[in-house]
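To start, the structure itself, in structure tokens.
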Amino acid sequence: MALPENDAGVGYSFGLEVDGIQIKHITEISGLKMEQDVVELKQNDTKGNYVIKKLPGRPKAGELTVTRPLNADNSFKDWIKSAQLGKMTEVRKGGAVILYDYENQPVARYNFTNAWPKSLEMSTLKAGDTSVLTEKLVLTFETLAAE
């Protein structure tokens with residue numbers, strides 16, 4: 001799962017998988033970020049000089065925003081409705097954002113765990129507008145790991 005030397009990945013070839021099911025028609029994914037706390041250790045060295053050392057802390061949970069055109073698929077709406085009803089054992093899901101090369105072969109995978117929908121937003125409705133209606137689902141997750 002590596003790109004050939006001197007090649008770069010492209011931002012338009014990606015997919016989303018949730019509990020092993022490929023989610024279709026995704027137009028944008030944002031917030032793909034692995035982050036951790038920074039712990040500052042303040043101490044004096046052997047010569048008595050004040051030193052601040054930065055150490056890695058706990059990993060932080062994160063959020064992904066997934067955008068797709070509005071269509072007949074109600075899975076996003078059903079998923080957030082279950083979360084609002086507190087059915088967390090069925091709502092928390094694992095999944096991955098998969099990046100593909102020019103030949104549509106996977107080159108990177110970012111696995112997330114215990115994701116559940118935080119919000120679902122429809123695009124702006126405006127008289128005379130000719131743009132495609134979209135829905136944005138914000139997923140909150142506990143861990144994100146690159147494979």
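The values are calculated or read from the model by the stated rules, or taken from the named source; none is laboratory data. Note that this is a predicted model, so its numbers are computed, not measured. Cβ: placed from backbone, ideal geometry, glycine included. Neighbour counts: every protein chain shown. Ligands, DNA and RNA are excluded from the accessible area calculation, which covers all protein heavy atoms including side chains. Shrake-Rupley method; radii C 1.70, N 1.55, O 1.52, S 1.80 Å.
Some notes on this structure:
- Among (1) open to solvent by less than 90 Å² (accessible area, probe 1.4 Å); (2) in contact with a strand residue (DSSP E or B) (Cβ under 8 Å, 6 or more places away or on another chain); (3) in contact (Cβ under 8 Å) with a residue 24 or more places away in the chain - the single one G57 does not satisfy: (3)
- Picking from residues in segment 60-72 that are over 27 Å from E147 (Cβ atoms) and open to solvent by 50 Å² or more (accessible area, probe 1.4 Å), the one that is farthest from the chain's Cα centre (by Cα) is A72.
Let's see how each residue does on (1) polar (S, T, N, Q); (2) under 17 Å from K33 (Cβ atoms); (3) without any contact (Cβ under 8 Å) to a residue 12 or more places away in the chain; (4) in a strand (DSSP E or B):
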residue: T65; (1), (2), (3), (4): yes, yes, no, yes
residue: I80; (1), (2), (3), (4): no, no, no, no
residue: G86; (1), (2), (3), (4): no, no, yes, no
residue: N104; (1), (2), (3), (4): yes, no, no, no
residue: R109; (1), (2), (3), (4): no, yes, no, yes
residue: T124; (1), (2), (3), (4): yes, no, yes, no
residue: T130; (1), (2), (3), (4): yes, no, yes, no
residue: L144; (1), (2), (3), (4): no, yes, no, yes
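- Qualifying residues in segment 113-127 (those that are under 17 Å from I26 (Cα atoms) and of a type outside the set (G, A, S)) - the one surrounded by the fewest Cβ atoms within 10 Å (Cβ to Cβ): M122
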